[in-house]
Every structure is written in C-alpha cells, then in structure tokens.
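Nothing in this text is a laboratory measurement; each read-out follows from the coordinates by a stated rule. Only a predicted model underlies this, so the values are computations on that prediction, with no experimental measurement involved. Neighbour counts run over all protein chains shown; Cβ positions are idealised from the backbone, glycine included.
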Amino acid sequence: SSNIPINIVEVGPRDGLQNEKGIVPVEVKVELVNRLARAGMKFIEAGSFVSPKWVPQMAGTAEVISQMERLRGVHYPVLVPNQKGLDNLLNLLSTYRPALSNSQPQPPQPTDEIAIFTAATDAFTQANTNTTIAGSLERLAPVARAALDKGLRVRGYVSVVITCPYSGQVDYKKVREVTEALLGMGCYEVSLGDTVGTGTPAAVSEMLEEVKKTVPVEKLAGHFHDTYGTGVANVLRSLEHGIRTIDASVGGLGGCPYSPGATGNVATEDVLYALQGSGYTAGEDIDLEKIVETGWWISEKLGRESVSRAGRALRSK
Ligand code: HMG
Ligand code: MG
C-alpha cells in the first residue's frame, strides 16, 4: 500500500520499568521483552547499564539481555551513561564472540545498539547524571566513539525538550545545539524527549521548527510522556513535521525517576490505534491485540490496570 512506514521504539522494559517502586524480577523483564518481540516490535529498549545506586530498578539488565530470546531483525538497545556502563556491556558482549568456522554457530550477540542521553538544561542533566550539559557531552563523546569502534549503533536522547521540572520553560535553541552535538558524536538518530509531558502540539511544532533549522528531520525521533494526555496528539504532530520514529511504552508504563510527577510514555497501544487509516503504518508484523494483552499482563504483574486508553477499550470488547 502507499502507507508511509514509521518505526516504533518500544521503551517499556526500560523507561517503563525504571520508575517502578518495587524491583521487577529479571524473569518478568525477560518475558516482557519476549512478548513484545513476538508481538512484532522491531526496536525494544531492553534496559540500562546505569549506576544501580542511581536507578536500582535497572540493575538486572545484563541478565535480562543474556536471557531474553533474540529474534532476527529485532534490535534490543540499552542505555549507557558513561564509560563504566559501556565497559560492563562490552564485557558481556565479549562472551558472544563469533564462533570459529568449524565450531557450532553461536547465537547473535544480545544487542547491537546503545543509547546515550543528556538534556537541554543544566539543572536536569545535573539531577539525572550528576554533571552539566557540557560535562555530559564531554563524558559521552569518547563513549560514543568507543561503541562505534566496536560496531555498535549509537542513538542519542535529549531530555526536557519542552519544559524542565527544575528550570521551567526550555530554550529550544539549546535543544537544537545539544541535538547537533549528539549527531556530531556519531549518533544515527536523536530522540527528543518531552520528559515532563507538558508539551502541547503547538509547543512541539515550535520546538521542532527550531531544531529543524539545522538538523535533518530524518535524524530525529519523538519521545513523549503522556502526563497531560497530549501524547498521541504530539506523536501525530511530529509525523506531520516529517519525523518517522516514535518512542512508546506498552501499557503506558514509564517515567524518569529524576522527573517528579511525570507519568509514563505515550502508550504503544494508543499510538498503534491512532495510526489506523492515517496513511502511516508501523508495519504489518505488529499485532495490536498481542500488544494490548502484553500491556495488561505487565500492568497486572505490577499490581494495577493498564493505563493505555486503547488497551482498556480493546480489552473490554
Ligand atoms: P556519579 O555518582 O557521578 O558516578 O553518577 P560515579 O562515577 O561517581 O560513580 C558512583 C558509583 O556508581 C560508583 O560506585 C561507580 O562504580 C558506580 P562506588 O565506587 O561508589 O561503589 N557506577 C556504575 N555502576 C554501574 N554502571 C555504571 C556506573 N557508573 C558509575 N554505568 C552516573 C553518574 C551517570 C553514573 C549516574 O548519574 C547515573 O547512572 N545516572 C543514570 C540516571 C538514569 O538512568 N536516568 C533515567 C534514564 S534517562 C531518562 O529516563 C530520559 C529518557 O527516557 C528520555 C526522556 O524521557 O527525556 C531517555
Ligand atoms: Mg523517557
């Protein structure tokens, strides 16, 4: 058909679970990743190699990516905040070295991609990663280089692209500059995060118009938290601006521990539902019914109901 293809990056296992009060067992995380892959998601953020002192919820990521199924054609990126996180990941990957020609073929390595992250304000960068924007860029440049040298793809995140929980309205020019800096380090794409979820379509347009002054829109992705219920509207507005990659979280899970009061990402189910008949397609392989089921399954594991609107409506049918 003539539908325009878009990519959905499923961030539930990472953004979704990093903000949970309790620690989710590794086997539940593994099953979540597996269910999402079997439901047809092609990009599944599987966890973070961050400091467990800062985000204890992500501590089992090495186990998760070692134990999950690895489906062909599916990418399982992980967040990496610094050299130590990359070293921990590379140590794990080194045990998956390609087999010699005569020996048994080995399973593919768990991941071929990392995501590095910074923000558009010093206050947020400080709260999230204990340094300024400039300090974080200095920290991340060699990490990106080392990852690229090892054949990993590198994705970038800029947080607080609309408002900051600590310093209020964000200067969109700063969003553009930080995006340029991440692309300059070799990121193939930068995801623009409305971490707080205050964005309206009008604000998203204004921000994107500024960023697009110097950054090709093909290099951008949209990452919207749904705190004010504008997630789907912001996704559709981003598509109108030419963005073709959208981050979303099954069951609407998510939140950043350093963004108090923000709720989860826009729900994957809500995005998939809204795209029907829109002229865009997230791909024939994605099974909305299975995503809905998975949203309910993980929400119930966390002791609550799915907060995805489409997930609730479709389940009660
Ligand atoms: P720091 O305290 O300045 O780092 O934290 P440090 O180097 O001084 O290390 C402190 C301790 O942590 C040391 O342990 C290190 O070994 C250890 P000790 O010597 O005290 O026993 N450590 C690590 N352990 C495991 N893996 C590591 C690691 N690094 C240090 N990688 C640091 C700086 C960046 C490490 C910390 O601030 C951190 O991990 N921050 C991550 C915060 C985070 O994960 N936030 C959520 C993800 S971002 C997000 O959600 C936004 C996004 O969704 C987009 C959006 O919505 O906007 C992406
Ligand atoms: Mg987020």
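Structure notes:
- With the helix formula -39500 (n - 2.57) applied to DSSP H stretches of n ≥ 4, the chain reaches a computed 222 nm mean residue ellipticity of -11500 deg cm²/dmol.
- Burial ordering of 48, 167, fewest other beta-carbon atoms within 10 Å first: 167, 48
- Placing unit charges on the Cβ atoms only, positive for Lys and Arg and negative for Asp and Glu, gives the chain a dipole magnitude near 340 debye about its Cα centre.
- Separation of the alpha carbons by more than 31 angstrom is noted, of 212/290; 53/174; 42/212; 53/301, for 212/290.
- Taking 60, 277, 47 in turn, the Gaussian network model of the chain (Cα-Cα springs below 10 Å) assigns the largest fluctuation to 277.
- Using only side-chain charges placed at the Cβ, +1 for Lys and Arg and -1 for Asp and Glu, the dipole size of region 41-160 relative to its Cα centre rounds to 180 debye.
- Ranked by the mean number of other Cβ atoms within 10 Å of their residues, highest first, the peptides 32-39, 309-316 come out as 32-39, 309-316.
- Spin-label model, residue 304 to residue 72: label points 7 Å out along the Cα-to-beta-carbon direction sit 4.0 nm apart.
- Considering only 204, 13, 274, and ranking their Cα positions along the charge dipole of the chain that arises from unit charges at the beta-carbon of Lys, Arg, Asp and Glu, the one farthest toward the positive end is 13.
- Eligible aspartates and glutamates near residue 29 by straight Cα distance, threshold 18 Å, same-chain separation 8 or greater: 10, 15, 20, 45, 63, 69, 293, 300, 305
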